[in-house]
Amino acid sequence: MATILVEDTENLEKAIKRFKRMVEKEGIIREYKKREYYEKPSTILNRKNKTLQRKMMKKSRKSHDSRSAY
């Protein structure tokens, strides 16, 4: 949970910016958007598998390109 202490002499806009940075750093908004709608476990698994496949393809292309350069 993100909390900040605001002093009486501190500017409100500055405190809001500090709060926004803290929320961004902790990933609260990202987590909220992820949990906003229910996602079936099979859909989650499929999404993770697709991202893993993309990552592996990118890695294999990158290693193949670096070998062919020499």
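The values are calculated or read from the model by the stated rules, or taken from the named source; none is laboratory data. This one's a predicted model, so the numbers in the text were calculated from it and none came from an experiment. Please note: Cβ atoms are built from the backbone with ideal geometry, for glycine as well, and neighbour counts cover all protein chains shown. To get the accessible areas, we keep the full protein, side chains included, count just its heavy atoms, and leave off ligands, DNA and RNA. Shrake-Rupley method; radii C 1.70, N 1.55, O 1.52, S 1.80 Å.
A compact table of results
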| item | result |
| --- | --- |
| Furthest towards positive pole of dipole, Ile16, Gln53, Pro41, structure part the chain, Cβ charges | Gln53 |
| Quotient of C-alpha Rg and 2.2 N^0.38 Å, computed over the range 3-42 | 1.69 |
| Nonlocal Lys pairs with alpha-carbon distance under 18 Å, the chain (8 or more apart, or different chains) | 14 |
| Sorted largest first, extent of the chain alpha carbons per principal axis (Å) | 63, 40, 14 |
| Protein accessible area in the chain, 1.4 Å probe - carbon and sulfur % | 57 percent |
| Lys, Arg +1 and Asp, Glu -1 on Cβ, resulting dipole of the chain about Cα centre, debye, nearest 20 | 920 debye |
| Efficiency of FRET between Val6 and Arg30 - r from beta-carbon atoms, R0 25 angstrom, step 0.05 | 0.50 |
| Net length gained if the chain between Asn46 and Lys62 were fully extended (0.36 nm per residue, minus Cα distance) | 3.3 nm |
| Potential lengthening between Tyr37 and Arg18 on full extension [0.36 nm per residue; Cα-Cα distance subtracted] | 4.0 nm |
